[in-house]
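Below: one structure, written as structure tokens.
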Amino acid sequence: MISKKTEEQGENKMEKIISLCKRRGFVFPGSEIYGGLANSWDFGPLGVELKNNIKTEWWNRFVRRRADMVGIETALIMSPKVWEASGHLKEFSDPLVECKKCHSRFRADQDNGSLKAELVFLKEAEADGENPMKVSGKVVRYRLSGKCPVCDSPADADSFTSPASFNLMLKTFLGPAQEKANEVYFRPETAQGMFVNFKNVLNTTRRKLPFGIAQIGKAFRNEITPGNFIFRTREFEQMEIEYFIPEPKADHDWQKYFEHWKNEMKSWLRDLGVSESRLHFEDIPEGERAHYSKRTMDVEYDFPFGRKELYGLAYRGNFDLSAHAQGSGEDLQYTDPETGAKFIPHVIEPTWGVERTALVALLEAYSEEKTPSTDGEGEARTVLKFPFWLAPVKIAVLPLSKKEELSAFAKPLFETLIQHFACEYDETQSIGKRYRRQDEIGTPFCVTVDFDSLKDRAVTVRHRDTMEQERVPIENLVAHFSEKFAR
Ligand SMILES: [Zn+2]
């Protein structure tokens, strides 16, 4: 149970982060000069660096540095047949009910006051004649009770429609004619791009099982209730892997890969600086899993607005490739090079959200401190204690003042450093204020050029976290920082 006080502190922290993100150029409200577009966000100069650092690290770690992985980039808009075969057109939906008397509409899976809806999970076999529907691949039924919150009609079959699916696929048209035949959808996930290209990848790379196909890219969902800053938006970015494995003979044969990816996710979160105490690895119970999945795990995080899903990991059997083999008529089997046995590979699917990763990184890095200032008075500072690899700016070059002889020394130094590291040059305001500004965006090191620098050709390097300072000769500066940022 979250106490009232913790809740308020949480809201406060979100407000502070949203405000810092706007003030410093991480995240701006989308289309702001036109009054904004609800729940859309634009990533500013620091935000795009943060996102790029996340994506580059992920790609290097899971694609470039692994012999069993290849990357891919597939189209945002795919043939509608893909979504028919994958089940998205039928099942990727939220449940809507309508009062027949007053025509008010409600989402059955949300709190609607006097109208109660009990969610019943069904096994496929039980579903016959029970008016079932599918939500995210799960066979469910909503039992309505209570009364309409608007007109008080009883929630029975006479007054209410049975829950109908509101599809989350974002529809548009290709070509000039806005007719049914030209209807297409923006992808709601990157995963299908990997399944649809399985045969192409297999033929061109001659990979042997087990191997994975990875993709980073945008996905779109016409969410009924987006919100919580960049947590749930209709347009977002995913980092996904489809890891193909041989047909398992026993549970252990897929479990070992599932454990591998669970551990990879844990180690990724550790390197992102996420406290383990705020993470939960939740197994989804059998009745709530997609029928083809033997194990599905949500990685949840204690956000200030509650415990919510951060990442996902699922063993999906051979459902996806089988569905596309059936839908397309193509043979998507794999031939074991040793035994000659043919089978459809099974798949483990770990999924990361880029924006959720950025939000968690901001939440974990954010800290407010009281520090002793040089004149002995306590001073407050806000610091984003990002892991070094994640920081959008690595080094700030700060001449002590705007004096020309200092800039003449500092500018060439900045030009040298920026060839190696993401750097900023700042000569406005007092040095104390400039330190605070760099602390607030998470810059690990500040390099100060003072009048002594002109004589001893050395600079003062200030550390973000300890605020300790050391004198470093400029000839050694690139090597000094290369060592600091080495991973
Ligand atoms: Zn009504």
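Taken together, the values in this text are just the output of simple stated rules run on the coordinates, not laboratory data. A quick note: this is a predicted structure, and the numbers were derived from the prediction, not measured. Counting neighbours? That spans all protein chains shown, and the Cβs are built from the backbone with ideal geometry, glycine included.
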Let me have the relative contact order for region 393-485, percent, based on Cα pairs under 8 Å that are six or more residues apart.
-> 29
Over region 393-485, with a single point scatterer placed on each C-alpha, what log10 of the ratio I(q)/I(0) does the Debye formula yield at q = 0.11, 0.25 1/Å?
-> -0.25, -1.52
Using alpha carbon centroids, what distance separates region 76-122 and region 388-460, in Å?
-> 54
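Once the piece of chain linking Phe28 and Glu11 is laid out straight, how much longer is it, given 0.36 nm per residue of separation minus the C-alpha distance between them? Each step should come with its number before you reach the end.
Working: separation 17, 0.36 × 17 = 6.12 nm, distance 1.88 nm.
Using 0.36 nm per residue and subtracting the Cα-Cα distance, I get 4.2 nm.
Suppose R0 equals 30 Å. What FRET efficiency, 1/(1 + (r/R0)^6) with r the Cβ-Cβ distance, do Thr56 and Glu475 give to the nearest 0.05? Write out the running numbers ahead of the final one.
Numbers: r = 29 Å, r/R0 = 0.98.
Efficiency at R0 = 30 Å is approximately 0.55.
Which of the peptides 328-335, 187-194, 22-29, 57-64 is most tightly packed, and how do the rest follow, judged by the mean count of other Cβ atoms within 10 Å per residue?
Per-residue mean Cβ counts within 10 Å order the peptides as 187-194, 22-29, 57-64, 328-335.
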Given the convex hull of the Cα atoms of region 441-487, what is a quarter of its surface area in nm²?
-> 3.6
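Could you size up the charge dipole of the chain around its Cα centre, putting +1 on the beta carbon of Lys and Arg and -1 on that of Asp and Glu, and report it in debye to the nearest 20?
The dipole magnitude comes to about 400 debye.
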Degrees between helix 4-24 axis and first principal axis of the chain (Cα, 0 to 90, nearest 10) | 60
Acute angle (nearest 10 degrees) that the helix 354-365 long axis makes with the longest principal axis of the chain, alpha-carbon atoms | 50
Which of Val360, Phe236, Ala458, positive extreme of dipole for the chain (C-beta unit charges) | Ala458
Of the listed links Lys22/Lys370; Lys81/Lys199; Lys55/Lys484; Lys403/Lys455; Lys249/Lys342; Lys13/Lys308, those spanning more than 19 angstrom between alpha carbons are Lys22/Lys370; Lys55/Lys484
Bridge orientation stat for the chain from DSSP, antiparallel percent rounded to 5, came to 90
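Compute the FRET efficiency between Glu183 and Ser482 as 1/(1 + (r/R0)^6), taking r as their Cβ-Cβ distance and R0 = 56 Å, and round to the nearest 0.05. Let's see the in-between values first.
Numbers: r = 53 Å, r/R0 = 0.95.
According to the calculation, E is roughly 0.60.
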Cα axis of helix 319-328 to longest principal axis of the chain: angle in degrees, 0 to 90, nearest 10?
-> 70
Using every pair of alpha-carbon atoms in region 56-98, split the distances into 10 Å bins beginning at 0 and state the percent of pairs per bin, rounded to integers.
-> 21, 26, 27, 21, 5, 0
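So if we plug the beta-carbon distance of Thr382 and Arg64 into 1/(1 + (r/R0)^6) with R0 = 35 Å, what FRET efficiency do we get, rounded to 0.05?
Step by step, r from the Cβ atoms, then E = 0.50.
Only bridges with both residues in region 381-487 count here: give the DSSP antiparallel percent, nearest 5.
Working: 9 of 17 bridges.
Bridges in region 381-487 that DSSP calls antiparallel: roughly 55 percent.
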Rg/Rh of the chain (Cα atoms, Kirkwood Rh), to two decimals, equals 1.03
With a 10 Å radius around each residue's Cβ, average the other Cβ atoms per peptide and rank 32-43, 405-416, highest first.
-> 405-416, 32-43
Sequence ranges 169-179, 74-84, ranked by mean other-Cβ count within 10 angstrom, highest first | 74-84, 169-179
Simple SL model, points at 7 angstrom along Cα→Cβ for Asn203 and Phe281; separation in nm is 3.9
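Length gain on complete extension for the stretch Lys455 to Glu405, per 0.36 nm per residue less the alpha carbon to alpha carbon distance? Provide the component values of the computation, followed by the final result.
On the way: separation 50, 0.36 × 50 = 18.00 nm, distance 1.17 nm.
My answer for the length gained is 16.8 nm.
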For a paramagnetic label modelled at 7 Å from the Cα of Leu76 toward its Cβ, which residues of region 24-40 fall within the zone defined by backbone nitrogen distances under 16 Å?
-> 30-31, 40
Here the relative contact order (percent) of the chain, from C-alpha pairs under 8 Å and at least 6 apart, is 12
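Starting from the coordinates of the alpha-carbon atoms of region 303-391, obtain the Kirkwood hydrodynamic radius over all distinct pairs and give the value in Å to one decimal.
On the way: mean 1/r = 0.0549 Å⁻¹.
Value: 18.2 Å, from the Cα pair sum.
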Can you list, largest first and rounded to whole Å, the semi-axes you get for region 204-298 by taking the square root of 5 times each eigenvalue of its Cα gyration tensor?
-> 26, 19, 17
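Taking square-rooted eigenvalues a ≥ b ≥ c of the alpha carbon gyration tensor, is region 353-452 rounded, prolate or oblate, where a/c under 1.5 means rounded and, failing that, a/b exceeding b/c means prolate?
Values: a/c = 3.17, a/b = 1.32, b/c = 2.39.
Oblate.
Report the extension gain between Ser162 and Asp465 in nm, rounded to one decimal, defined as 0.36 nm multiplied by the number of residues separating them, less their alpha carbon distance. Before the final figure, lay out each step's value.
Details: separation 303, 0.36 × 303 = 109.08 nm, distance 5.75 nm.
Answer, rounded to one decimal: 103.3 nm.
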